[in-house]
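Worksheet for the structure shown next.
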Amino acid sequence: MPNNPPIPDGYRLMPQLAVTPAMTAWAVQILRDPGKYPMFTTVTKVFEQLNVLARVEWHSPDFQNHAEHRGVTLYAPIRDAVDAPAAEGIDLSGYQPTVDWAKVAASGIAFAFIKATEGTTLIDHTFADHWARAKQANLLRGAYHFFRPKQDAAAQARFFLAQLSDPGELPPVLDVEVVNGVPLGRLRRAWARGWIS
């Protein structure tokens, strides 16, 4: 097989699981235009703040092409989010009524997701205290709602949002742990999507 140039400086091969459908579509577009993108051409494009580099290269035989062939390889910057160390956080609810917030902050914890509500009537009894103290400890905060499948999704969403006069710094989260006899497909399509909408 002909040799490809070395991996571009400052980049690494993008993990397959990190490649989105939009990135794949872009790579296919490059592959199908050899006049504009001859062998070893490199081009970059930003996908959700990740600067992806595509290079036309020789690819080994695979299940679609039984000989060496022209292909597009995607690379991610070493310094971008793909290689960033994972931030650590905690999940809190009424099951953790007492928290030493100074100790949490000193341990390197960066964020807290805090249970705000459940169903259409339950406000977690520790939510207000955890919410305020996490802010005082300079942690990023995200609120979550424990979903009850047999209750109206929109009513649950309104109830949850009513508790968030301070929306926090992270996006809200829907916690789906129980199905209560509701088929999973219906739960995803009707209830969960209804809450998110």
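The values are calculated or read from the model by the stated rules, or taken from the named source; none is laboratory data. Bear in mind that the values here come from a model prediction, so they are computed numbers and not experimental data. Neighbour counts are summed over all protein chains in view; Cβ atoms, including those assigned to glycine, are modelled from backbone coordinates with ideal geometry.
Data overview
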| read-out | value |
| --- | --- |
| Residues being closer than 16 Å to Ser197 by Cα, surrounded by 13 or more Cβ atoms within 10 Å (Cβ to Cβ) and either among the charged types (D, E, K, R) or within 22 Å of the chain's Cα centre (by Cα) (or both) - total across the stretch 149-177 | 9 |
| Tally, over the stretch 106-135, of residues that are of a type in the set (Asp, Glu) and outside any strand (DSSP E or B) | 2 |
| Residue among Pro8, Pro61, Pro15 that alone is without any contact (Cβ under 8 Å) to a residue 40 or more places away in the chain and touching a strand residue (DSSP E or B) at 6+ places or on another chain (Cβ under 9 Å) | Pro61 |
| Test result for Trp195, modelled with pLDDT of 85 or more and not hydroxyl-bearing (Ser, Thr, Tyr) | no |
| Within the stretch 18-57, considering residues that are of a type in the set (Phe, Trp, Tyr) and within 27 Å of the chain's Cα centre (by Cα), the one surrounded by the most Cβ atoms within 10 Å (Cβ to Cβ) | Trp26 |
| Selection status of Pro2, not in a strand (DSSP E or B) and not assigned by TED's automatic domain parsing to the domain that holds Gly71 | yes |
| Any hit, the stretch 27-37, residues being closer than 30 Å to Gln16 by Cα, among the polar types (S, T, N, Q) and without any contact (Cβ under 8 Å) to a residue 24 or more places away in the chain | yes |
| Some residue of the stretch 97-105 being modelled with pLDDT of 90 or more, over 24 Å from the mean Cα position of the chain (by Cα) and of a type in the set (D, E, K, R) | yes |
| Residue tally, condition on the phi < 0 side of the Ramachandran plot and surrounded by 13 or more Cβ atoms within 10 Å (Cβ to Cβ), over the stretch 83-131 | 31 |
| Qualifying residue in the stretch 136-144 (condition: assigned to a helix (DSSP H, G or I), at pLDDT below 95 and not acidic (Asp, Glu)) | yes |
